[in-house]
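Structure first, commentary second.
The values are calculated or read from the model by the stated rules, or taken from the named source; none is laboratory data. Fair warning: this is a prediction, and the values are worked out from it, not measured in the lab. We place every Cβ from the backbone using ideal geometry, glycine too, and count neighbours over all the protein chains shown. We work out accessible area using only protein heavy atoms, side chains counted, and drop any ligands, DNA or RNA first. Shrake-Rupley method; radii C 1.70, N 1.55, O 1.52, S 1.80 Å.
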Amino acid sequence: MYGAEYDIETPNPEHEILDMQKLLFSYKNPVAFIFDEKLKFTGTTNYLGSELAEKVREIDSKIPIYILTSFAGEVDPLAGSVEFIIDKTMVGDPEKRDQLACRLRRHQDTFDDIRTERAKKFDHLLKKSINYGLTEEELKVFDELNFVRVKPILFDESIPTLRLEAELKKQDELLDRIIDGISRLKE
């Protein structure tokens, strides 16, 4: 449906949603994501496709995201994190498949335009900042565009910190219980 100019990757789902989010953004220049809604029910994950879409939106608010499901009626068609819900039965129908392919391509073309315009604007502002300096308004736009560029990197670096903080919290709780138990023994 996407054509030969795109490589389609089908990674095995990670059990934890943060690990899956990290995996998805480890691919170079992803152009769209299609998630099965019932990921949780396979027993290999602890999240749904729509929950994963929400996590992806934390990193990229523009990339097209679709939910593929046999249970289209169970997914909110107006969910804010996805472009639309794809009923698996549509994929098997040649006429509907062609219509779906056209729709996916339109979304992809729009996303490519957005990404190209962002890159052009960033490059223009970068050159201008080196040669002439930026106005306050241009600096705000530059900072926003730069944040969009580095957001996946920042996220990737924050995952170990989040895990370490969670582990430290568990260790603190365990230590508190041990100290409490020792205190009771002394009484």
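A few points about this structure:
- Computed accessible area, residue 50, all protein chains, 1.4 angstrom probe, square angstrom: 40 Å²
- Length gained when the stretch residue 99-residue 116 is fully extended (0.36 nm per residue, less Cα-Cα span): 3.5 nm
- Estimated FRET transfer efficiency when R0 is 41 angstrom, pair residue 40-residue 140 (beta carbons, to 0.05): 0.55
- For the cross-link pairs 55/140; 22/128; 55/96; 28/120; 55/127; 62/169, the ones whose C-alpha atoms lie over 27 Å apart are 22/128; 55/96; 55/127; 62/169.
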